[in-house]
1. Got at least one residue in segment 198-205 being in contact with a strand residue (DSSP E or B) (Cβ under 8 Å, 6 or more places away or on another chain), among the aliphatic types (A, V, I, L, M), over 21 Å from LEU50 (Cβ atoms) and surrounded by fewer than 23 Cβ atoms within 10 Å (Cβ to Cβ)?
2. From the list SER201, SER274, SER263, SER239, exactly one residue is without any contact (Cβ under 8 Å) to a residue 24 or more places away in the chain and within 22 Å of VAL129 (Cβ to Cβ). Which is it?
3. Across segment 179-189, which residue is nearest to GLY130 (Cα to Cα) among those that are over 14 Å from the mean Cα position of the chain (by Cα) and in contact (Cβ under 8 Å) with a residue 12 or more places away in the chain?
4. Somewhere in segment 207-214, is a residue farther than 19 Å from GLY271 by Cα and surrounded by fewer than 19 Cβ atoms within 10 Å (Cβ to Cβ)?
5. For a quick check of your reading: which strands (runs of 3 or more DSSP E) sit entirely within segment 30-101 and have at least 3 residues that are closer than 23 Å to GLY130 by Cα and not polar (S, T, N, Q)?
6. Could you say which residue among ALA136, ALA105 is among the aliphatic types (A, V, I, L, M) and either more than 19 Å from ASP208 (Cβ to Cβ) or in a loop (DSSP other than H, G, I, E, B) (or both)?
Amino acid sequence: MPCWCSPAESAHVSSALLQRSGFRTSGKSADPRVSWILLTNDDGIDSPALAPFARALSDLGTVRVVVPDRERSWVGKAITRFDPIRVEKVGLDGGEAWTCTGFPADAVQIGIHELFDEPPSLVVSGINVGYNHGAAFLMSSGTIGAAVEGWVSGVPSIAVSTGGTGDWSTWKRKVHEREALFEWERLSNVATSLVDEARRSGLLDLADVVTINLPFETTIDTPRRVTTVARVGYDRLFSEQGDGIYTHDFGGGFVEFDGIDGSDLATARKGYVSITPLRMPAASTVPDDVRARLER
């Protein structure tokens, strides 16, 4: 079956990158139970993280890339219902990938069930340009939605996102510049180590989806914390352009519903890596007196 890199090329390239970032690797698959990894990214085929992350993940096993053909952020776990989806094989930095005209969850669904002879052992979504911490962003994120789609299909899934400090537009422009390639390679190697640790530690057996948020400057020495999800919302998302036209224009504000200590958001604000295991669905505990009024 076609893959993003041949096994020999994968081991050679990713071993060199990992060693350059301070990791030690044998160049062999980290776990014989990994048949292959499905990688997607809601930032689409042009994501600056896509090729570096595919190279790094190939140290864990064969990687196949299936992504939207353009950026599909803020779409959650949307699935295309009425429009046909076109899938095309394209080149990706010397390897190959499949693009689809649908959403990130469509890419995962098609990648698991349609394109290949066997399902993946693992779905990895990311690295997203921008943090996905806090409940409001977690539920809105195409990155998280793609990982949830993997879980729906019975495949262990991990979402990875990165963010910076200061002005969002300035940071986003900087990480898309060609000069940022080595930084993406470094971050991809660290993220791959975290993906491998999530598998080896047994965390994936305790969660349906694991979401990881890394500061863009993360190294192997950056502190890491296992966290909860911050209960936060956001303010307005749209601005009026006139004549009944509104465009997406997130103002950047958080609405904190309760304390965020120990959460993914609080951890990111400290400049640490947050590793958050998610269970779905999560139902709240109902006191007996409330239950008695509702049940018959």
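Read-outs: derived from the displayed coordinates by stated rules, not from any lab. Keep in mind the model is a prediction, meaning the values are calculated, not measured. We place every Cβ from the backbone using ideal geometry, glycine too, and count neighbours over all the protein chains shown.
1. Among the residues of segment 198-205, at least one is in contact with a strand residue (DSSP E or B) (Cβ under 8 Å, 6 or more places away or on another chain), among the aliphatic types (A, V, I, L, M), over 21 Å from LEU50 (Cβ atoms) and surrounded by fewer than 23 Cβ atoms within 10 Å (Cβ to Cβ), which makes the answer yes.
2. SER239
3. TRP184
4. Yes, some residue in segment 207-214 is farther than 19 Å from GLY271 by Cα and surrounded by fewer than 19 Cβ atoms within 10 Å (Cβ to Cβ).
5. In segment 30-101, 36-40, 62-68 are the strands (runs of 3 or more DSSP E) which contain 3 or more residues that are closer than 23 Å to GLY130 by Cα and not polar (S, T, N, Q).
6. When all the criteria are applied, what remains is ALA136.
Okay, residues lined up against (1) more than 23 Å from LYS77 (Cα to Cα); (2) touching a residue at least 12 places away in the same chain (Cβ under 8 Å):
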| position | (1), (2) |
| --- | --- |
| ALA159 | no, yes |
| TRP171 | yes, yes |
| GLU177 | yes, no |
| ASP205 | no, no |
| LEU214 | no, yes |
| THR218 | yes, yes |
| VAL226 | yes, yes |
| ALA230 | no, yes |
